[in-house]
Amino acid sequence: MSLPTILVADDDRSIRTVLSQALGRAGYQVRATAQASTLWQWVEEGEGDLVITDVVMPDENGLDLIPRIRRIRPDLRVVVMSAQSTLMTAVKATQRGAFEYLPKPFDLKEVLAVVARALATPAMPVQPAAAPPRPEEQMSLIGRSVVMQDIYRIIARLTTSDLTVMITGESGTGKELVARALHDYGPRRAGPFVAINMAAIPRNLIESELFGHERGAFTGATSRVAGRFEQAAGGTLFLDEIGDMPPEAQTRLLRVLQDGAFTTVGGTVPIRANVRIIAATHRDLRQAIREGAFREDLYYRLNVVPMRLPPLRERVEDIPLLARHFLNENADGAGNVRVLDEEAMGRLQAYRWPGNVRELENLMRRITALHPQESIGADIIDAELAEVSSSGVPGEGTSTETLAEAVERHLRRFLAAGAGQDDMPMSDIYDKVIAEVERPLIAMMLSATRGNQIRAAAMLGLNRNTLRKKIRDLDIPVVRGGA
Ligand SMILES: Nc1ncnc2c1ncn2[C@@H]1O[C@H](COP(=O)(O)OP(=O)(O)OP(=O)(O)O)[C@@H](O)[C@H]1O
């Protein structure tokens, strides 16, 4: 049997060389070209078993070539590489029928894994042409970090799917923005996007907000009111802060997800639920399940496609892009845009950002409003950030508090919550508390070492196998290493 042949098109000679060598070593035959036209000629002549193509080439855009390739050779998989690693590139590549999208710079191991996977996957049917992106398309999500590329890839893969998605991430990381992107690029984009925040609605009203109510269902219900499920029919229902959903509403939601129908509060006639659900939370739902505050069966129904949005401090390389974007958006009345000097940018990248992208956005707004000079230096950033920490950021203790004092403060709350709950008996307190401390400690070390367990074990002074066991036992998500 002849070896599979890979056709490579990229106008960058070094990329052609690196790919040809790596693919050759892995046992493939390779033909490489700098021209889209040569690639097209090979495809027309029936050459090759797989294409790896760049997007921007001197004679043609690689993305435009994909539908033509798919038309004459539907079984030929196409892998797209691009240095313009934006959400739009990922979405366009997927919509036009690319098998996979690889942002540059790429990891050779990843390329080889994608090639092997593409050659082993049966040919996909040619999809009907997806609706072209709207002309006024704006780049909603900013960021080119490896972790954001993973997010773009998931959004791109879900453009033709209705699957339920669960987005987790700290407050201000962009969960709602991602939910909107999933809707805007998804199959229900012509329908409504309806958001409801569980934390912002009084608990006793959540069920009627979600499912609507009949006239006379409770005191003050003077007419029939449609709930968000009905309002979102044909579109997407975004359930924000799902971890704050009261138990009765959780049970009701689970039933809707199981049966595909719901009844209004006070109603008896089932109404078919025609919504795609996207849920989001900043809480650790597994922890909430352990504490008996969230239904495990509901969690599994919602967690079909999990997406974790990393905190801003885990993607500092995105900070300059985001900062510039927010400064451009917030030009002052005279149309002047503030510019951050290098040192100022360094300060932003060193800060912890407990409020994540929202905090950065607010800071850029404040700087434009309060500082008339065009160039912004580190002194201004220092002063503004000092202002924020002295006014107290939610979730942060006072700066003089010791770790032991902070632990004691949290323990008091933890024990009080446990004592007040019937389903959390006061037993195994020692193990539970130690697990509470171990989990964030290990997660932080893994994050600081970009998932390198050997280094994390060394920093912690733990044996590697002990660390591995703890990661497993404590159910700590393993972050991927850098490229
Ligand atoms: N990647 C991004 N690119 C551009 N803007 C972003 C990005 N991520 C977040 N933002 C902006 O930051 C702000 C907060 O985002 P969003 O409301 O989506 O966060 P969230 O995680 O849903 O927050 P919360 O949990 O507090 O509801 C918004 O103004 C949003 O436009």
**Complete:** A student applying the Cα gyration tensor rule (rounded when a/c is under 1.5; otherwise prolate if a/b is larger than b/c, oblate if not) would label segment 19-63 oblate
**Complete:** Relative contact order as a percentage, the chain, C-alpha pairs under 8 Å and 6+ apart, gives 10
**Item:** Ranked list, fewest to most other Cβ atoms within 10 Å of each Cβ, for Arg295, Arg308
**Value:** Arg308, Arg295
**Amide N of segment 433-473 lying under 15 Å from the label point, which is placed 7 angstrom from the Cα of Arg290 along Cα→Cβ** = 433-444, 469-473
**Prompt:** For Phe218 and Glu342, FRET efficiency with R0 = 56 Å and r from the beta-carbon atoms, rounded to 0.05?
**Reply:** 0.40
**Prompt:** What is the extension gain from Ala404 to Asp431, computed as 0.36 nm multiplied by their sequence separation minus the C-alpha to C-alpha distance, in nm to one decimal?
**Reply:** 7.9 nm
**Fill in**
Placing each pseudo-label 7 Å from Cα in the direction of the beta carbon, Val269 and Arg472 end up separated by a distance in nanometres of 5.5
**Complete:** Given 10 °C, 1.306 mPa s and a Kirkwood radius over Cα pairs, the Stokes-Einstein diffusion coefficient of segment 5-120 in µm²/s is 115
**Request:** Work through the residues other than Asp473 whose Cβ is under 12 Å from its Cβ and net out their charges, Lys, Arg +1 and Asp, Glu -1.
**Result:** +2
**Asked** Order of Leu348, Leu182, Leu254 from fewest to most other C-beta atoms within 10 Å?
**Response** Leu254, Leu348, Leu182
**Asked** How do Glu241, Glu44 line up, fewest other C-beta atoms within 10 Å first?
**Response** Glu44, Glu241
**Message:** Which of the three applies to segment 159-308, rounded, prolate or oblate, going by the alpha-carbon gyration tensor with a ≥ b ≥ c and a/c under 1.5 meaning rounded?
**Reply:** oblate
**Request:** Compute the Rg to Rh ratio over segment 300-354 from the alpha carbon atoms, using the Kirkwood formula for Rh, and round to two decimal places.
**Result:** 1.18
**Asked** Hey, what number do you get for the chain at 222 nm if only DSSP H runs of n ≥ 4 count, each worth -39500 (n - 2.57), divided across all residues, to the nearest 500?
**Response** -13500 deg cm²/dmol
**Complete:** For segment 326-368, shape from the Cα gyration tensor axes a ≥ b ≥ c, cut at a/c of 1.5 then a/b versus b/c, turns out oblate
**Request:** Wrap a convex hull around the Cα atoms of segment 313-390, take a quarter of its surface area, and give that in square nanometres.
**Result:** 4.6
**Complete:** Applied in sequence order to segment 463-477, the curve 6.51 cos²θ - 1.76 cosθ + 1.60 (Karplus, θ = phi - 60°) yields integer Hz couplings, x standing for Gly and Pro, of 5, 4, 5, 4, 4, 4, 5, 5, 4, 5, 5, 8, 6, 8, x
**Prompt:** Assuming R0 = 25 Å, what is the FRET efficiency of Ala331 and Asp382, from their Cβ-Cβ distance, to the nearest 0.05?
**Reply:** 0.55
**Size of the chain as Cα extents on the principal axes (Å, biggest first)** = 73, 61, 61
**Request:** Starting from the alpha-carbon convex hull of segment 178-252, give the projected area averaged over all orientations, in nm².
**Result:** 5.5
**Antiparallel DSSP beta bridges within segment 159-308, as percent of all bridges there, nearest 5** = 15
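None of the figures in this text is laboratory data; all of them are computed from the coordinates on show. Model, not experiment: these values are computed from the prediction. Note that each Cβ is placed from the backbone with ideal geometry, even for glycine, and that neighbours are counted across all protein chains shown.
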